[in-house]
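The values are calculated or read from the model by the stated rules, or taken from the named source; none is laboratory data. All figures in this text were calculated on a predicted structure; none of them were measured in a lab. Virtual Cβ from ideal backbone geometry, glycine too; neighbours counted across all protein chains shown.
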Amino acid sequence: MTGPKSKHGWMREGRHFDMARERLTALAEFDLVEAQDFYAPNGGWVVDHFMQNIDKALSDLAETAGIHSQYYGHYRVGVPHFPFSIYYDIEGDSIIVKAILDDRFGPLRISAHFGPK
């Protein structure tokens, strides 16, 4: 259940998520570079469209963080119009993006991406 929007972010079930506190790990940043390299041969407009959808999905997390199912020990949300998912954790009032992966990767590759637990 989403609460009222404040000037600092969204309240959800008593938790405040401020998108200024959203962080991408180095691994997630590397994933973005790989995805951009994958789409680059199709033209710059495809990369731009992909990044716009990534930005939209990340900004939507301020409202929806924590309601998604967990896979491989992390919350997962899909990226609109592209076969990619954002894997994230919630630490206090921060959203930590752990990975941004191609959904066409097999389960072994995805679980290996996160390393041993």
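For the stretch 80-96, a residue qualifies if it is among the β-branched types (Val, Ile, Thr), buried (at least 22 other Cβ atoms within 10 Å of the Cβ) and closer than 14 Å to Leu27 by Cα, and exactly one does: Ile86. Residues that are in a loop (DSSP other than H, G, I, E, B) and more than 23 Å from Asp48 (Cβ to Cβ) within the stretch 69-103 comprise Ser69, Tyr72, Gly73, Gly92, Asp93, listed in sequence order.
Within the stretch 66-105, the set of residues being in contact with a Gly (Cβ under 8 Å, 6 or more places away or on another chain), over 27 Å from Trp45 (Cβ atoms) and not hydroxyl-bearing (Ser, Thr, Tyr) comprises just one member, Ile90.
Counting only residues that are of a type in the set (A, V, I, L, M) and loosely packed, with under 11 Cβ neighbours inside 10 Å, which one in the stretch 1-32 is modelled with the lowest pLDDT? Out of the qualifying residues, it is Met1.
Within the stretch 42-68, the set of residues being among the hydrophobic types (A, V, I, L, M, F, W, C) and in a helix (DSSP H, G or I) comprises Trp45, Val46, Val47, Phe50, Met51, Ile54, Ala57, Leu58, Leu61, Ala62.
Please verify whether Leu61 is exposed (fewer than 13 other Cβ atoms within 10 Å of the Cβ), among the hydrophobic types (A, V, I, L, M, F, W, C) and at pLDDT below 90, treating the condition exactly as stated.
no
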